[in-house]
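Data first, discussion second: the structure below is written as structure tokens.
Quick note: the coordinates plus some simple rules give every number you see, no bench work behind them. In this text the structure is predicted, and so the values were computed from the model without any measurement. All Cβ positions, glycine included, derive from the backbone under ideal geometry; neighbour counts span all protein chains shown.
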Amino acid sequence: MAKLLRQNTIKRSTSDYATNAFFIGKKSSSQKRPVIDYRGVNVKVKVPQFPLFRINKMIQEVAAHEVFITIDLTSAHEVFTTIDITNNI
């Protein structure tokens, strides 16, 4: 770990969600593998308190329809063209 810190491959974190990372030797060779302990993060993360949708109910509801549309709002900026109006002023 000290070598990786010196090489700036990894850096120390001050985040509340930082986890411990360490290396453990493999049984079959002298190589080491990285291990990350997420138990501290799991304690802090809040699990959603709403029930998941029932798949069979969702299938029954959409089975009567023929057309389906999905919209990806995270990449919608790539779908719509933009017009530069600054040159027309």
Quiz item: So for the pair VAL43, ASN8, with labels modelled 7 Å out along Cα→Cβ, what separation do we get in nm?
Solution: 3.4 nm
Practice problem: Convert each backbone phi in the range 19-33 into a coupling constant with the Karplus relation 6.51 cos²θ - 1.76 cosθ + 1.60 (shift: θ = phi - 60°), then list the ³J(HN,Hα) values in order as whole Hz, x for Gly and Pro. | Solution: 10, 7, 10, 7, 10, 10, x, 6, 5, 8, 8, 8, 6, 10, 10
Practice problem: Starting from the amide H of ILE10, placed 1.01 Å from N in the peptide plane, find each other amide H under 5 Å away whose residue is 5 or more places distant or on another chain. | Solution: LEU5
Self-check item: In Hz, Karplus ³J(HN,Hα) per residue of the range 37-48 (6.51, -1.76, 1.60; θ = phi - 60°; x = Gly, Pro)
Solution: 9, 8, 4, x, 5, 4, 5, 7, 6, 8, 7, x
Quiz item: Which part of the range 35-61 falls in the paramagnetic zone of THR19, meaning amide N under 15 Å from the point 7 Å along Cα-to-beta-carbon?
Solution: 35-46
Quiz item: Ranked by Cβ crowding within 10 angstrom, fewest neighbours first, how are ASP16, ASP37 ordered?
Solution: ASP16, ASP37
Self-check item: Residues VAL47, VAL62 arranged by fewest to most Cβ contacts within 10 Å
Solution: VAL47, VAL62
Quiz prompt | Listed residues LEU5, GLY40, TYR17: farthest to the positive end of the dipole of the range 2-44 (Cβ charges) | solution = LEU5
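Find, among the trypsin sites (Lys or Arg not before Pro) in the range 18-70, those assigned to loop by DSSP (not H, G, I, E, B) with at most 12 other beta-carbon atoms within 10 angstrom. Walk me through the numbers on the way to the answer.
Numbers: sites: LYS26, LYS27, LYS32, ARG39, LYS44, LYS46, ARG54, LYS57; in loops: LYS26, LYS27, LYS46, ARG54.
Taking the range 18-70 and a limit of 12 other Cβ atoms within 10 Å, the loop trypsin sites (Lys or Arg not before Pro) found are LYS26, LYS27, LYS46, ARG54.
Using the crude model of +1 on Lys and Arg Cβ and -1 on Asp and Glu Cβ, and no other charge, please compute the dipole size for the range 2-44 relative to its Cα centre, in debye to 20.
It works out to roughly 220 debye.
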